[in-house]
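The block underneath contains the structure these notes are about, expressed in structure tokens.
The values are calculated or read from the model by the stated rules, or taken from the named source; none is laboratory data. Computed from a predicted model, the values in this text were never measured in an experiment. Reconstructed Cβ throughout: ideal geometry from the backbone, glycine too, with neighbour counts over all protein chains shown. To get the accessible areas, we keep the full protein, side chains included, count just its heavy atoms, and leave off ligands, DNA and RNA. Shrake-Rupley method; radii C 1.70, N 1.55, O 1.52, S 1.80 Å.
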Amino acid sequence: MQFAVRHADAAIVVSVTALGLVILAFTGIGGNQGAGFLFLQNIEQRTLDLRFALRGPRRPDPRIVIVGIDEKTVLNTGAYPLPRSSYAVLVNKLTQDGARVIAFDATFPIPENYPAGAALQKLETEVKRSASSSVLKKIKELEQADDPDAQFAAAMKKSGNVVLGHLFLAHDAAAAINPKLAEDYLNVIWAKAFPQVLKVKSKGKNFDLGQAWVASGGAVAEGAEANLVTLADAAASYGFFNIRPDGDGTLRRATFIIRYDQDLYFPSLDLEALRQYENIPDQDVAAFISENGVERIQLGKHVLRPWHDATALINYAGPYRTYPQTSMWDITSGATAPGTFRDKIVLIGATALGIGDIRNTPFQKRDSGYMGIEVHANILDNLLHSDDPSRTFLVRGFREELFDIGFILFFGLALGAWFSRSRPLASTISLILVLAVFSWFSYFTFSHWGLWTGFVVPAGTLVVNYAAITSYRVIIEERNKRRIRKTFSQYLSPGVIALIENDPQRYIRPGGEGKELTVMFTDVRGFTTISEGLTPDELVHLLNEYFNAMTNVLFSKLGTLDKYIGDAIMAFWGSPYPQNDHAFLACACALEMLATLEELNQKWEAEGRKRISIGIGLNTGEVNVGNMGSDKRLAWTVMGDNVNLASRLEGMSKQYRCSVIISENTYRQVSSQFACRELDKILVKGKSQPVTIYELMAPMAERFRFEPLLSKFDEALAAYRTHDWRNAAAKLGELLIEFPEDGPTQILLQRSIEFIDDAPEPDWDGVYVMKSK
């Protein structure tokens, strides 16, 4: 196909398409583990998680139920791990109720200690020589009757349908396992390995099965967290419950087979539960392995086609508790209705948060509490519906990779040619429409056909193609904008520059508007004294370093720098950016300024220079904001009473010997987000209305660090407000002993002592008139 495109556009189209194909080859087909490719793979996995979220929950298979070892069970039993006798009761109850399969997502590797058993063993040793054989036999019978492991084994033996779980271990963990115990366990479970592991030869070519398994990424174990042989002998079957989460910790894949003891291949707990449930004979169970890895797994009527490493993508039914759960305690105590578990697959596992069997899944991450036992329920659900594409395991194979290649070619070549011949507006509309259709296709194939088609690389090819061609076509205009930006960035905040570029007439013309903003003033304490000890060059260097750090913080919090006034900084939030959270941003900026200054002070001290401290005042209110000045020079600034109040509050920070003071208007907007302390009600110089002022201390998450100070100060302030000067002075004195450097406590204590001898009028409203700015 020939496209009438310019040479530069053609080069961009071909380059972007080729880049998309190369990235797909490394991330999707090749599975490259480089950091950049892993990052793209992680994003692709997140798009899969998003598809689950968009699809939402679907109806779970009613044949699957979960028995949870929950908080109620642990609380009523009184111990964890639970006694084996409790499991014996549970198995007996489930068997009596008609459960067809009982599967444990747990191991029982250590015998349970029980006092009666130890006493009987000691008695047997002491009377062994003198007692008759009938007495010894009776002791032995009593010992076995009280043995909780024996009770559990007897219950499983009687049930005949219990599948025990075990955990296979890699080399390092296996080294800590007793080899004798591992060997004894292997002697029990070998009979439940895959009965048939068959080679699938390509063109009659022979190959080494073990090498093919390892080369394809199949899991290999060197040890096992084994169940007690007594319990293993009594179980109907066994299966591992190892998990293989993806790089981001999310469990998206089920593992079906692990190789153990050189040439034995063992099934997962879920495969064995299905095998027991459908009573599939050995001759109908087989794993077919080619030189590229696992080709398929046969379980009776079910034919699974996992990835070559014997894993498959779990098609989750929904968020946690999609499957019905019953407390283990309700079953053992007889609280469940008869027939609840008849003909069901019963999965038993931990659901109490304290036990910690919590997994990340596409629906919920670890902090949401998705328990591992429900992962097994989802896998079993997928196994039971192996003939339904929308309910069995997701498919990501060669066919899906061909889809990806086709989309990359279409998005790269065909749409690239269209972008190169279209106006920017038409290109943008085309991009949005194509992305919408492609997103729908990715979701539809996932939800209806169980296919995982790639989204990130094809969509990235489309977006990069559009961006590269569009950028090339407007390069001259962008170059001019960069010149303007470079010229004025030294004088104006980035927000003002961006708005001038988009709507220059509105921001170039003089004038302002009334608007609620948050205004900040900062000032260096004792700057005159500091400057006297420095040469002019040293003073300039100090100020430049200080202003640079503070301005970086200011811009990172989306503030607008108004001006530098000597050693002071004036800034505001809410204009030109339309910020509804301007008070929050200003407070966050103030605290970060203090933290940044502390880092500067530590650096200066290491260089032999003096520390500096600053005071900050914040006020929220209506001001006049806009482009103000003369016809020779304009500046984006603010004016009004609320600006003056912010300046006064900065001065008050020095008098109250604290770092940040905010007004009551600011406090009302951030009281739930920051820990603040009410300081006083004051009447600042030049004002007729009093204002309540607060000290800004820390984000609310760190309030606990100041709790003793805040609570005791509030008590003292309450006494101060009720004219109880002696009580206030006493409380403040105690507080000062605990916090000797606390400025507001010092100030309030000094006033309380003065008021003991020279009290204000009885009707004094607590407003303190400031005598200076």
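For the chain, what ratio Rg/Rh do Cα atoms give with a Kirkwood hydrodynamic radius?
1.11
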Taking a crude spin-label model, label points 7 Å out from Cα along the C-beta direction, the R668 to E605 distance in nm is 4.1 nm
What number, in percent, do you get for the relative contact order of the chain if the mean sequence gap of Cα pairs under 8 Å and at least 6 apart is divided by its residue count?
12 percent
Find the relative contact order for segment 638-773 and round it to a whole percent, using C-alpha pairs within less than 8 Å whose residues are 6+ positions apart.
26 percent
Nearest 0.05, what FRET efficiency do F403 and R321 give at R0 = 35 Å with Cβ-Cβ as r?
0.50
Pull out a ≥ b ≥ c, the square roots of the eigenvalues of the alpha-carbon gyration tensor of segment 649-773, then state rounded if a/c is under 1.5, prolate if not and a/b is larger than b/c, and oblate in the remaining case.
oblate
Pairs to check: K654/K687; K563/K610; K563/K681; K158/K180; K158/K344; K515/K685. Give those whose C-alpha atoms are more than 21 Å from each other in this structure.
K563/K610; K563/K681; K158/K180; K515/K685
Given the -39500 (n - 2.57) contribution per DSSP H run of 4+ residues, what per-residue ellipticity at 222 nm results for the chain, rounded to the nearest 500 deg cm²/dmol?
-14500 deg cm²/dmol
Quick one: which of 327-333, 167-173, 638-644 comes out on top by average Cβ neighbours within 10 Å, and what's the full order, highest first?
327-333, 638-644, 167-173
Once you treat every alpha carbon in segment 352-471 as an equal point and sum by Debye, what is log10 I(q)/I(0) at q = 0.12, 0.14, 0.16, 0.17 Å⁻¹?
-0.63, -0.75, -0.85, -0.89
Rh_Kirkwood(segment 576-708) over Cα pairs, Å, one decimal, evaluates to 16.4 Å
Out of the total accessible area of the chain (probe 1.4 Å, heavy atoms of protein only), what percent is carbon and sulfur?
56 percent
Counting heavy atoms of the protein chains only and a 1.4 Å probe, report the per residue accessible area for the chain as a whole number of Å².
49 Å²
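Taking 56 Å as R0, compute the FRET efficiency from the Cβ-Cβ separation of K515 and D388 and round it to 0.05.
Given R0 = 56 Å and the Cβ-Cβ separation, E is 0.40.
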Answer with one residue from V294, I331, Q364: the one whose Cα lies farthest towards the positive end of the charge dipole of segment 264-422, charges on Cβ with Lys, Arg +1 and Asp, Glu -1.
Q364
Contact order relative to length for segment 326-434, counting C-alpha pairs under 8 Å separated by 6 or more residues, stands in percent at 12 percent
With a 10 Å radius around each residue's Cβ, average the other Cβ atoms per peptide and rank 711-723, 50-62, highest first.
711-723, 50-62
Surface accessible to a 1.4 Å probe, R275 within the full protein complex, Å²:
20 Å²
Stretch gain in nm, segment Q689-A286, where the contour uses 0.36 nm per residue and the Cα spacing is subtracted
136.4 nm
Inter-part distance where segment 307-373 and segment 568-606 are each reduced to a Cα centre, Å
48 Å
Mean Cβ count within 10 Å, highest first, over the residues of peptides 146-155, 186-195
146-155, 186-195
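For H302, H541, what's the largest-to-smallest order of accessible area, 1.4 Å probe?
Most to least solvent-accessible, the answer reads H541, H302.
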Those trypsin sites (Lys or Arg not before Pro) from segment 348-410 that are DSSP loop and have at most 15 other Cβ neighbours within 10 Å turn out to be none
